[in-house]
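Below: the structure, in structure tokens.
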Amino acid sequence: MALSFCGSDDGTSAYNVSAGVFTNVCFVDALNLVPHVFLLFITFPILFIGWGSQSSKVQIHHNTWLHFPGHNLRWILTFLLLFVHICEFAEGIVSNKEMNTDHLHLFVPAFMGFIAGTTSVVYYHNIETSNFPKLLLVLFIYWVLAFITKSIKLWMFANKSIGLQELRFCITALLVILYGLLMAVEINVIRVRKYMFFANPQKVKPPEDLQDLGVRFLQPFVNLLSKATYWWMNPLIMGAHKRPIELKKIGKLPIAMRALTNYLRLKDAYEDQKTPDDPDRSPSIWRSMYRAFGRPILLSSTFRYLADLLSFAGPLCISGIVDNMKNETNATQIGKREFGVYFMSSFELLQNTSVLAVLLFLALVLQRTFLQASYYVTIETGINLRGALLAMIYNKILRLSTSNMSMGEMTLGQINNLVAIETNQLMWFLFLCPNLWAMPVQIVMGVILLYYLLGPSALVGASVIVLLAPVQYLIATKLADTQKSTLEHSTDRLKKTTEILKGIKLLKLYAWENIFCDSVEETRGKELTSLRTFAFYTSMSIFMNAAIPIAAILATFVMHHFIYGSCPGPAKAFAALALFHILVTPLFLLSTVVRFAVKAVVSVQKLGEFLQSDEIGDDSWRNGDMCTSIEAGKKHLGGTKAINRKKPMRYQMDNYEQPTRRQMRPTETEDVAVKVTNGFFTWGSNLSTLSDINIRIPTGQLTMIVGQVGCGKSSLLLAMLGEMQTIDGRVHWSNKNRNSVAYATQKSWLLNATVEENITFGSPFNKQRYKAVIDACSLQPDIDLLPFGDQTEIGERGINLSGGQRQRICVARALYQNTNIVFLDDPFSALDIHLSDHLMQEGILKFLQDDKRTVVLVTHKLQYLIHADWIIAMKDGSVLREGTLKDIQTHDVELYDHWKTLMNRQDQELEKDIQQDSQTTLERKTLRRAFYSREAKNQMDDEDEEEEEEEEEDDNMSTTTNRRSKIPWRVCWCYMSSGGFFMVFLMVFCKLLKHSVIVAIDFWLAMWTSYNNSTTTDPEKESYYVPVFIILCSAGITLCLITSLTVEFLGLSAATNLHHNLLNKIIHAPIRFFDITPLGQILNRFSADTNIIDQHIPPTLESLTRSTLLCLSAIGVISSITPAFLIALVPLAVTFYFIQKYFRVASRDLQDLDDSTQLPLLCHFSETAEGLTTIRAFRHEARFKQRMLELTDTNNTAYLFLSAANRWLEVRTDYLGAVIVLTAAVASIYSSSPNSVNGLVGLGLTYALTVTNYLNWVVRNLADLEVQMAAVKKVNSFLSTESENYEGSMDTSQVPENWPQSGEIKIQDLCVRYDPMLKPVLKHVNAYVEPGQKVGICGRTGSGKSSLSLAFFNMVDIFEGKIVIDGIDICKLPLQTLRSRMSIIQQDPVLFSGSIRFNLDPEKTCTDDRLWEALEIAQLKNMVKTLPGGLDAVVTEGGENFSVGQRQLFCLARAFVRKSSILIMDEATASIDMATENILQKVVMTAFADRTVVTIAHRVHTILTADLVIVMKRGNILEYDKPETLLEQEDGMFASFVKADM
């Protein structure tokens, strides 16, 4: 009976119970089986029935609802129980080997216990999620039974004086304790939930988050196992393959992680520090962060310490395995026998190599789980902190005093930096901060272990590592500095590029592209120099990281050789090798962490200053008492609380009610809406801006405030709104009025939203009202032009509108709001006469006055004074007069007369203005052109995409999956090739060589240590090992340096070439390209994408190649030592392939989501800071806070999912790594022959350990590289654009020097189109212009006038006919020649930043006299003379420091500087007032008397004096003659134009 349960040694009866039942070991062990079998019998049917009916679960989230008390404790205890069962099983098997026959009772109960333990946890989980607590009774009975049976066994051992030195006694004791604890947990559940033995069981409801199906982030709610392995992420990550992850899919944040919750926590911690006895003390942000988020950080640090301790198990197990490989055969028995059964000592089990291998595996799995848990907790806390800080900053922004913003103490830039940079720095600091205290401990432990293994020589190696750490820190700081200087240069380069792209049309017309291109290249050169330094330092840092372990190993072993005259044994050597690898990581990271800590300190300082800055007084009229007295001017912290604190979990805005529309108003009792009595107001400094103000605003009437520029009209409005600091006096609002004031500022402020949202501004939509408002502001024609009507996005990120359009939208917003009081601050400033009249009549007089709303209007247009019910005249910050127009007429005749003369002047201008084609039509025209071209572009894009899809549809998989999981090899190849083939070859060669050398070093070490351990040592052989080892190590270090340099510099040369080609391609692209490609898109290539190519791709590429090669070399080494490993490799490789495939797709989607949700958040902050006064006047703070919280939460959700996905990946690759270590260990143990080299086993295991570290880096870097390669792809797509044909068919030498001399123009059968895909804009045009003639061209908008002017410069596609100038067909000329010999003045003036001289003559060919002469012709000489520096005076970006009219005159001067015999003026006088224009007309006639001038006119009277008039319609010439003859034809087009114009 070989396989009996009790075994049959020496023929003794194993079943003998004569000495009492409980003295028979076998019986007690059989008794131990009973509870396990009982549990399996009862639970299996329940589980199967349960699983059958599981489909009836209603709500998706209930299956993650964990609500039995002691939940986590139970999981931990069960895991411990399973671990002890494994130990018991191992002990049983090992003891069994010592017996003569098999004793099943030694290990079968342990095995059954393991199965029962697993079942118990599965059973428990199912009961908990389906909420049947009564069924837990089964488990309770099981724990009791198991506890009793194990106690009997323990008692039996104690009787026989078997004590702690025997392993089986320890295990049994542990099991008794565990079962006892589990029993206690079960009793606790009964106590709390009262489901048994109590009359009324407790009812529980699932938490709010789980009732809300919108919450998809389940990490806080799933059980411990799922938490540790991120199992709940599986559906999301697998699903990403079929369809991309969208915002809907990631849902909302759980309540505990929302910005609001965390803001309240942080704010409480912050406010609690303000003590009553010391109110001025600024609270410490560090302390409040610690109070609000300290606990999770401590938890994370605990996990981190556990992981670090476990990480040392690896080297120790390796040394144990290698040591015991040899001793397996002749192991001695140390244990003793009792009851006829062998009892082993605790020490003996740890000498068994198989046991050690399993232990190593378990330690690795646990270590990795703890490490990832620690990362996750810090990241979640970091995200929570960021949300809280953002909310804190936002609340502060809403309360910032206006003077702070306007006096420049707090610029928008600073606020944007706080939001974009400082909060992220703090978040990153939190991510890394557990390292600050974990790493020193890890380093000290490592050094102690090394000393224990190798003695004093280890200290030499460790000191190498420690001494090089400061160098790494130095490099890290240098890197940060270089990055700063790079950033400065790249902002500079971007500014220049933006200017070029904005003025590209002008540059092309004047043939100046190359001059400007060179200036960008020059800045790029500077940027590349600092990038070179950056690359150098990066490669040094990579080099240090790779070379330090080699140097340390070299120092240690050579030192050991000199001290002891020999090398350590393989067991110790390889444990030391593994330890060095462990030690390098914390040291490398430490420099980064310290750098982040320094940055975090700075960030906190900035944040503190910001949170302490001035706030506006808390206006008491918000709160019902009517007078704002002096006290309000004193700072009052606290602000309005937007959240009701009794239920902080619901977003509840208690003091945000929409001002309700009042019913039909009774006759107003008070006739004063606002009253200011002896007010003195200031903008922060103690000088009062407004002094001695006594005014009243009558209710329901139109009040106008007039006065010169800068006399404090706008300030008066802001003072009434409570934005200024009150020195003295009070503002009194009548009690119904101060809900909210509709306020339109002078500088228009738009939200990033649709036109409709900008106008309704959070009020309910009412169709009639909306229509009325739009008509009053004459916005309909503008809206019709927009691509999606009033649903078009406008604002920073949307479509750029002109000033007038923006201003009208702001006025429309004020009109639409349902408020009693409307403040309009100079709403007419950017509007032309027609529009302002219409707005005055329809909007202000009709719409507002019919509603009996109180209107306060600041204006410069005195002709409207007749409509005013009440007038306030201001001068130098005080009120000059107040009253009706009649009062002023009688009391202050002087003022009235003064106004009258001004009015007459304005009326004359009015008459003149009516003759013009108004500014507005011009704005609408530019808008129309932009969209016309953009639609065409969209058609083209669609076609391109279809082509791409067709190419990829050959594969039979669904295209989406395929397209999304493919690595873009083509793009990678393009990137590599732009780096230069020699560099690529060098990089690949060096990399391979370096890794071979590193493998060689370790291999040599293995041979050396094993040789040393063998019985015969030969001193000569020994001395021959050392020099080879030194040579190999030095070679390895050198190669590390070379490879890290080649990769970085390969990246640099690629970046250089890509940017150079991109710039040249784009600058030489045809003008059509700029019409159809949005400017932002081109700029993105030059900013974001270039930045990625410059700085991000090289390190990623380096890291990817390094980690891949390390993994491959490791797997190679293991396979060559133990070929059996290859069998296990196949399933592992398949698993790995699928993990990385799924992860890459999901990661890319989540990264996109994170990026796309970040932008709106930053925009919301900056637009709030810009529109502070408006938001506060409207009282919409609460709505904006709400929006900010939503945006923050959305962004945080994306970021949380992204980091959870990273953890998902890392846990999986780490477990794979652990399996690799296990298989490698098992393979080497079972395939080792007595004469095999021990050192090689150590080598294989050490390599297997490194794989675990690098597997996830391979995938992470692959995913990153894929995202980054998209930048190369985008740049590449622009590199394929066609350039203009710059050559022409004539050689430059064939063109006469002074061509075109006379300026004769022949247009023969000319057909022109913008693009081969579009309809022609000019059809068969014929004309002849004699030398020196003055020609006028007119026609309606879109008749092809401007296209004709572009045709002269060959800027458009001339596909039929030709233009001959002085006998030469212009299509044959080289473009540079053609464009440099003619002049044009465009309708939109473009100036570049630089000096005036540079703007007039970038080629630097003219003398100063010539420039002054040109300025004189353009009526600018006197103005330029007064500027500092004269011709070298500064022009800011876009010429913002000159008015539009002056800019236009500069453009004229620019054309005069180039004395060409043909001048083309394209609506050049649109933005100049009449008087100047008349002078100009005369000047042009005299200065260009003998030259050909072609004028494209939009005010017909300017071409009445021309020699020839051409009237165009729809791309054809309609009339062509002298103006006199044309005027005689009564029904002619020209005649009708002139009539309309008169």
Output the residue which, of all residues in the stretch 1451-1466 that are modelled with pLDDT of 80 or more and not aliphatic (A, V, I, L, M), is most open to solvent (accessible area, probe 1.4 Å).
ARG1458
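Run down ARG1106, ARG1148 and say which single residue is under 30 Å from ALA547 (Cα atoms) and crowded, with 16+ Cβ neighbours inside 10 Å. Break it down stepwise before answering.
Values: ARG1148 fails: under 30 Å from ALA547 (Cα atoms).
ARG1106 is the lone residue from the list that is under 30 Å from ALA547 (Cα atoms) and crowded, with 16+ Cβ neighbours inside 10 Å.
Looking only at the stretch 96-115, how many residues end up being part of a helix (DSSP H, G or I) and surrounded by fewer than 22 Cβ atoms within 10 Å (Cβ to Cβ)? Steps first, answer last, please.
Initially, the stretch 96-115 is screened for residues part of a helix (DSSP H, G or I), giving 96-98, 104-106, 108-115.
Within this subset, residues satisfying the condition of being surrounded by fewer than 22 Cβ atoms within 10 Å (Cβ to Cβ) are 96-98, 104, 108, 111-112, 114-115.
Of the residues in that region, 9 qualify.
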Every residue from the stretch 673-690 that is surrounded by fewer than 21 Cβ atoms within 10 Å (Cβ to Cβ) and closer than 11 Å to MET874 by Cα
none
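Assess whether ILE1479 counts as being farther than 30 Å from ARG1313 by Cα, modelled with pLDDT under 80 and of a type in the set (A, V, I, L, M). Outline the logic, then answer.
Numbers: farther than 30 Å from ARG1313 by Cα: yes; modelled with pLDDT under 80: yes; of a type in the set (A, V, I, L, M): yes.
Yes: the conditions hold for ILE1479.
Look through the stretch 363-380, keep the residues that are hydroxyl-bearing (Ser, Thr, Tyr) and surrounded by 23 or more Cβ atoms within 10 Å (Cβ to Cβ), and return whichever of them is nearest to GLU1181 (Cα to Cα). It would help to see each step written out before you state the result.
Initially, the stretch 363-380 is screened for residues hydroxyl-bearing (Ser, Thr, Tyr), giving 369, 374-376, 378.
The next check asks that each one be surrounded by 23 or more Cβ atoms within 10 Å (Cβ to Cβ); those that pass are 374, 376, 378.
Details: SER374: 38, TYR376: 35, THR378: 32 Å.
Going through the qualifying residues, I end up with THR378.
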For THR1135, work out the one condition from (1) open to solvent by 30 Å² or more (accessible area, probe 1.4 Å); (2) touching a Pro at 6+ places or on another chain (Cβ under 6 Å) it doesn't fulfil.
(2)
Name the residues in the stretch 1346-1375 that are among the hydrophobic types (A, V, I, L, M, F, W, C) and not in a helix (DSSP H, G or I), would you?
PHE1352, PHE1353, MET1355, VAL1356, ILE1358, PHE1359, ILE1363, VAL1364, ILE1365, ILE1368, LEU1373
Test: ILE162 is part of a loop (DSSP other than H, G, I, E, B) and touching a residue at least 12 places away in the same chain (Cβ under 8 Å):
yes
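β-branched (Val, Ile, Thr) and either surrounded by fewer than 19 Cβ atoms within 10 Å (Cβ to Cβ) or touching a Cys at 6+ places or on another chain (Cβ under 7 Å) (or both): which single residue out of ILE383, ILE448 fits that description?
Details: ILE383 fails: either surrounded by fewer than 19 Cβ atoms within 10 Å (Cβ to Cβ) or touching a Cys at 6+ places or on another chain (Cβ under 7 Å) (or both).
Step by step, each of ILE383, ILE448 is checked, and only ILE448 is β-branched (Val, Ile, Thr) and either surrounded by fewer than 19 Cβ atoms within 10 Å (Cβ to Cβ) or touching a Cys at 6+ places or on another chain (Cβ under 7 Å) (or both).
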Considering residues that are part of a loop (DSSP other than H, G, I, E, B), free of Cβ contacts under 8 Å to residues at least 60 places away in the same chain and polar (S, T, N, Q), the number found within the stretch 1284-1298 is 1
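Return the only residue of THR1492, THR1502, THR1486 being among the hydroxyl-bearing types (Ser, Thr, Tyr), modelled with pLDDT under 80 and open to solvent by less than 50 Å² (accessible area, probe 1.4 Å).
Result of the check over THR1492, THR1502, THR1486: THR1502.
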Looking at the stretch 456-475, I want the residues that are free of Cβ contacts under 8 Å to residues at least 24 places away in the same chain and have a partner that is surrounded by 16 or more Cβ atoms within 10 Å (Cβ to Cβ) and in a helix (DSSP H, G or I) with Cβ atoms under 8 Å, at least 6 apart or on another chain. Which pairs are those?
LEU459/VAL447; LEU459/LEU450
Is it the case, given these coordinates, that THR533 is open to solvent by less than 20 Å² (accessible area, probe 1.4 Å) and in contact (Cβ under 8 Å) with a residue 12 or more places away in the chain?
no
Please state which one of PRO201, PRO206 is touching a Phe, Trp or Tyr at 6+ places or on another chain (Cβ under 8 Å) and open to solvent by 50 Å² or more (accessible area, probe 1.4 Å).
PRO201
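Quick check on ARG1381: is it more than 21 Å from ARG1491 (Cα to Cα), open to solvent by 10 Å² or more (accessible area, probe 1.4 Å), of a type in the set (D, E, K, R) and out of contact with any Cys (no Cβ under 7 Å at 6 or more places or on another chain)?
no
Answer yes if at least one residue in the stretch 739-750 is of a type outside the set (A, V, I, L, M, F, W, C) and more than 30 Å from ASP876 (Cβ to Cβ), and no otherwise.
Yes, the stretch 739-750 contains a residue that is of a type outside the set (A, V, I, L, M, F, W, C) and more than 30 Å from ASP876 (Cβ to Cβ).
In the stretch 1392-1411, what residues are of a type in the set (Lys, Arg) and outside any helix (DSSP H, G or I)? Steps first, answer last, please.
Of the residues in the stretch 1392-1411, the ones of a type in the set (Lys, Arg) are 1397, 1404, 1410.
LYS1404 - this is the single residue of the stretch 1392-1411 that is of a type in the set (Lys, Arg) and outside any helix (DSSP H, G or I).
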Which residue, of LYS1334, LYS1362, is basic (Lys, Arg), modelled with pLDDT of 85 or more and farther than 26 Å from LEU1504 by Cα?
LYS1362
Whether any residue in the stretch 1496-1507 is among the aliphatic types (A, V, I, L, M) and over 57 Å from the mean Cα position of the chain (by Cα) is what I want to check.
yes
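Restricting to the stretch 130-155, name every residue that is touching a Phe, Trp or Tyr at 6+ places or on another chain (Cβ under 7 Å), open to solvent by 10 Å² or more (accessible area, probe 1.4 Å) and not basic (Lys, Arg). Break it down into steps so the answer makes sense when it comes.
Quick first cut of the stretch 130-155, residues touching a Phe, Trp or Tyr at 6+ places or on another chain (Cβ under 7 Å) only: 133-134, 139, 142-143, 145-147, 150, 152.
Right, trim to open to solvent by 10 Å² or more (accessible area, probe 1.4 Å) and you get 133-134, 145, 147, 152.
Residues satisfying the conditions are PRO133, LEU145, PHE147, ILE152.
Can you tell me which of THR1252, THR1281 is in a loop (DSSP other than H, G, I, E, B) and over 27 Å from ARG1491 (Cβ atoms)? Steps first, please.
Values: THR1252 fails: in a loop (DSSP other than H, G, I, E, B).
Result: THR1281 is the single residue among THR1252, THR1281 that is in a loop (DSSP other than H, G, I, E, B) and over 27 Å from ARG1491 (Cβ atoms).
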If you go through the stretch 1301-1345, how many residues are open to solvent by less than 40 Å² (accessible area, probe 1.4 Å), outside any strand (DSSP E or B), out of contact with any Asp or Glu (no Cβ under 6 Å at 6 or more places or on another chain) and of a type in the set (Gly, Ala, Ser)?
3
Within the stretch 1396-1425, count every residue that is within 12 Å of PHE1450 (Cα to Cα) and touching a residue at least 40 places away in the same chain (Cβ under 8 Å).
9
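Would it be correct to say that ILE1097 is over 17 Å from LEU1265 (Cβ atoms) and in a helix (DSSP H, G or I)? It would help to see each step written out before you state the result.
Working: over 17 Å from LEU1265 (Cβ atoms): no; in a helix (DSSP H, G or I): yes.
No; evaluated as a whole, the condition is false for this residue.
Look at VAL1241 and say whether it is touching a residue at least 24 places away in the same chain (Cβ under 8 Å), more than 22 Å from THR1108 (Cβ to Cβ) and either β-branched (Val, Ile, Thr) or open to solvent by 10 Å² or more (accessible area, probe 1.4 Å) (or both). Lay out the reasoning, then the answer.
Working: touching a residue at least 24 places away in the same chain (Cβ under 8 Å): yes; more than 22 Å from THR1108 (Cβ to Cβ): yes; either β-branched (Val, Ile, Thr) or open to solvent by 10 Å² or more (accessible area, probe 1.4 Å) (or both): yes.
Criteria met by VAL1241.
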Here the qualifying pairs (Cβ atoms under 9 Å; residues six or more apart or on different chains; first in the stretch 67-85 and on the phi < 0 side of the Ramachandran plot; second surrounded by fewer than 19 Cβ atoms within 10 Å (Cβ to Cβ) and charged (D, E, K, R)) come out as HIS67/ARG193; PHE68/ARG193; PRO69/ARG191; PRO69/ARG193
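The values are calculated or read from the model by the stated rules, or taken from the named source; none is laboratory data. Just so it is clear, the model here is predicted, and its values are computed rather than measured. When we count neighbours, we look across all protein chains shown, and the Cβ atoms used for this are built from the backbone with ideal geometry, even at glycine. Side chains are part of the model used for accessible areas, which takes the heavy atoms of the whole protein and leaves out ligands, DNA and RNA. Shrake-Rupley method; radii C 1.70, N 1.55, O 1.52, S 1.80 Å.
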